[in-house]
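The values are calculated or read from the model by the stated rules, or taken from the named source; none is laboratory data. None of the values given here were measured: they were computed from a predicted structure. Every residue, glycine among them, receives a Cβ derived from its backbone with ideal geometry; neighbour counts consider all protein chains shown. The area values use the complete protein model at the heavy-atom level, side chains included, leaving out ligands, DNA and RNA. Shrake-Rupley method; radii C 1.70, N 1.55, O 1.52, S 1.80 Å.
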Amino acid sequence: MAFGRGSKMDGRRSSSSASSLCTTTTVVVFVALCLVGAWMMTSSTIFPLEISSNKKAAVKEQPARVNYGASEEAATGNAAEGLDRFGDTDNNDNVALEELNNTVPSEAEKFAENTVERPVESTEEKDPPKEKDPPKEKEENKDAFDDANGKTEQSSAKEGGDAESGSGQSDGSKNGDDEEKSDERKDDETTTVTGSEQSDGERKDDQEEKVDGNGSQDTTDQPQIEEKVDESGEKGQGAKSNEVFPDGAQSELLKESNSENGSFSTQDAESKNEKEAQAASKSSGDETTYNWKLCNTNAGTDYIPCLDNEKAIKKLRTTKHYEHRERHCPVEPPTCLVPLPEGYKRPVEWPTSRDKVWYSNVPHTKLAEYKGHQNWVKVSGDHLLFPGGGTQFKNGALHYIDTIQQALPDISWGKRSRVILDVGCGVASFGGYMFDRDVLTMSFAPKDEHEAQVQFALERGIPAISAVMGTKRLPYPSRVFDVIHCARCRVPWHIEGGMLLLELNRLLRPGGYFVWSATPVYQKLPEDVEIWTAMSSLTKSMCWKMVNKTKDRLNQVGMAIYQKAMDNSCYEKRPENSPPLCKETDDADAAWNVPLQACMHKLPAGQSVRGSKWPETWPQRLEKTPYWIDASHVGVYGKPGNEDFEADYAHWKRVVSKSYVNGMGIDWSKVRNVMDMRAVYGGFGAALRDQQVWVMNIVPIDSPDTLPIIYERGLFGMYHDWCESFSTYPRTYDLLHADHLFSKLKKRCKLLPVFAEVDRILRPEGKLIVRDNAETINELQGMAKSLQWEVRMTYTKGNEGLLCVQKSMWRPKEIEASM
């Protein structure tokens, strides 16, 4: 029995031994598997791109940032110390054109038209999802992203990924070096794009693309850029890529985990990220609170701060010379927001808008009642109709325009005569129909009893400003308009030594024409005869030659056409020095708040002086360097003048075609009224020639005076001080463009009133495109967000940035409640 018990015990012992061996083997295998798994987790190919979200705290309440490497080196360079012809400027004005070409524009052009991103809130509130699928499989399902550098980067990234997954080996030191370089590059380059970057007509198609094929992948936290771009920036048919973002999308956390910390960050990394996040939040204006309120003025929805300053107007000693219609800007620029008219709608698109607009957008009827019989404007249901007539052309502007051409074939609309000034324009039907003759018309009229006449013009998509011929020069340079037109403009040209007509003489190009269609030309009433006699004497003493006097039998009106002298020979032969010649020290181009004088400026002498020759015919004049700009002049960007001009035009053609037109998702069919808030040579406006838009080119008063060059190209514009309100009605521009304007303004005035002015003149759903330094971009982005504007794209590289925002259709409720 003892033996039997021993046998049983031995048997149990043998069984226990076998069990222990199995257990030990299992543990060893398990530990081995864990070690293999740990090794695989620490491999750089295992971590998903979502790991970069550890820096998302740096953009609180902002669209998720897309960081990528392979940034080009920004070319440096300042403008030349001397600006010669273009006047004084500071360092900010002298941003080298090469730097512009190699920094923001070159990268902004890379963005495709179609981008998709989930709402920002989802990226801020949720942690990145854990990766479950093999990395290679996920990469194959990503949308393509290919740019000038992207082909090489993504090809190498794909090959590297395949090699690592196939061999299971990696060179740690090499990866570390590459990642450090990648991190250095991506720190200087940040992009934010949103799904709204697509035009309205494209969004539905893009959403369908997202559902199809790649739409099944997880795209909640990662924006996707879908459109392929080849190395030249153009759309490529055969471009292939399986990377949404190049290796620069890897974050600091990924760098740390590759070395020794696995999937855990260090306290040093976490602290560094938080400090960067707080700094970014502070610089972006997130901590700034803006207390926006609606303007409470008698002008209501039509408030123009510098024209509706009732306090200043009441203090005027006289209004004899229309002083009350001139600019009187508040000492403190307003920061309030102009309310919308009740029932405001998206404006009618051009060219339909030339014939009708929404009544609710410009709810004024007095002009229809007062001028309806002259076919100015009529009310019809929900619309205001514009039959195309005027006081002098009741049967339509086109017939009237052609009558002028028949009376003087040399005027040659759209060829010799390209840029004209229409004085006392009414609702600007004359300028509106001049587009059919390829002529650009600067129309102006005062804000007077002809209720909202300029606002009607702008709502129709016709260029116009609110201005008056009073006591100051108009804000244009001398000798720039090919033709000046006045049809019953109610200006007393002949009084006070002809001071107002002499202002037109300053603006009219030598050899240019003045078309005067008014009752003194064709009626014989005593008052009309008296005015005609005085005008005949005045124009003769000014050396203006009457080249034709004709009558439009259909409209039963007459017109007289005068031509300005081409040289000084007539001035020297005058029997009397009346009107007198201006002093030699009087700068004819000085036009900002300069009082009028009853004198004439001498005409330019010498073949190389501006105004001594007529410009090239249109459209050749658009691209040709003005004859007076040559290598002896130093351009704004520091190159010889002619090279500077050509480089600027090439730069803006590239930026506009590859970025603004094709890369921001802007539906240009909905864009008509455009303003370049800081035009230099007018390159931005010239590059938009093929679009159905017109561009108001603004040369700030503290910038180089290049406005004559813009006119020489067959474009137009005016001088302005952006520390003051612009002379236009609210809601009149579809797109505003500002190239390094706001950073300069910060030296002279506060940005908040300037942004309030931007909000005032920009239409709801209008776009603002800003190119400036990164600090200013962040500040403006904060202001836009405070008004619930849509940030369509932000981009920074080094210290340069690009911002595109869209104004909201409606005011935030809390602002509406502030009225």
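Structure notes:
- Glu623 - accessible surface, heavy atoms, 1.4 Å probe, Å² rounded to 10: 100 Å²
- The range 391-573 - percent of accessible surface contributed by carbon and sulfur, probe 1.4 Å: 50 percent
- Area of Thr617 that stays accessible when all protein chains are in place (1.4 Å probe, Å², to 10): 70 Å²
- The range 391-573 shape via C-alpha gyration tensor axes, a/c threshold 1.5: rounded
- Global form of the range 353-416, assessed from the alpha-carbon gyration tensor, a/c cut-off 1.5: prolate
- Average accessible surface area per residue within the range 663-755, 1.4 Å rolling probe, Å²: 20 Å²
- Filter on Lys293/Lys750; Lys345/Lys767; Lys613/Lys639; Lys653/Lys746 - keep pairs with C-alpha separation over 20 Å: Lys613/Lys639; Lys653/Lys746
- Ranked by solvent-accessible area (1.4 Å probe, protein heavy atoms only, all chains present), the residues Lys747, Lys314, Lys371 order from largest to smallest as Lys314, Lys747, Lys371.
- Per residue value of the accessible surface for the range 321-468 (all protein chains in place, 1.4 Å probe), Å²: 36 Å²
- Distance (nanometres) between label positions extended 7 Å along Cα→Cβ at Tyr627 and Asp448: 3.9 nm
- Cut-off under 5 Å, modelled amide H: who pairs with Trp614 long-range: none
- Taking a Cβ cut-off of under 15 Å around Thr297, the surrounding Lys, Arg, Asp and Glu residues balance to a net charge of 0, with basic ones at +1 and acidic ones at -1.
- Per-peptide average of other Cβ atoms within 10 Å, ordering 588-599, 439-450, 570-581 highest first: 439-450, 588-599, 570-581
- Taking amide H positions as modeled 1.01 Å from N, with prolines and chain starts lacking one, the residues under 5 Å from His720 and 5 or more places away or on another chain are Val699, Ile701.
- Residues in the range 566-624 average 60 Å² of solvent-accessible surface per residue, probe 1.4 Å, ligands and nucleic acids excluded.
- Rounded to whole Hz, the Karplus (6.51, -1.76, 1.60) HN-Hα couplings of the range 572-582, x for glycine and proline: 6, 9, 5, x, 10, 8, 9, x, x, 6, 5
- Backbone geometry of the range 744-761 corresponds, through the Karplus equation with coefficients 6.51, -1.76 and 1.60 at θ = phi - 60°, to 3J(HN,Hα) couplings of 6, 5, 4, 7, 10, 7, 6, 6, 4, x, 5, 5, 4, 5, 4, 4, 5, 8 Hz, x marking Gly and Pro.
- Each residue of the range 657-669 is assigned a 3J(HN,Hα), and the resulting list reads 6, 9, 10, 5, 7, 10, x, 10, x, 7, 7, 6, 5 Hz, derived from the Karplus form 6.51 cos²θ - 1.76 cosθ + 1.60 (θ = phi - 60°), x at Gly and Pro.
- The range 620-807 - percent of accessible surface contributed by carbon and sulfur, probe 1.4 Å: 45 percent
- Residue-level accessible surface for Thr297, protein heavy atoms, 1.4 Å, Å²: 50 Å²
- The trypsin sites (Lys or Arg not before Pro) of the range 500-572 that meet both conditions, a loop assignment by DSSP and at most 14 other Cβ atoms within 10 Å of the site Cβ, are Lys524, Arg553.
- Taking a Cβ cut-off of under 15 Å around Gln556, the surrounding Lys, Arg, Asp and Glu residues balance to a net charge of +3, with basic ones at +1 and acidic ones at -1.
- Relative contact order for the range 667-816: 19 percent, from Cα pairs under 8 Å spaced at least 6 residues apart, divided by residue count.
- Under the criterion of Cα pairs below 8 Å and six or more residues apart, the relative contact order for the range 391-573 equals 19 percent.
- Three-way shape label, the range 639-680, alpha-carbon gyration tensor, a/c 1.5: oblate
- A cut-off of 5 Å between modelled amide H atoms, ignoring neighbours fewer than 5 places along the same chain, links Gly512 with Lys564.
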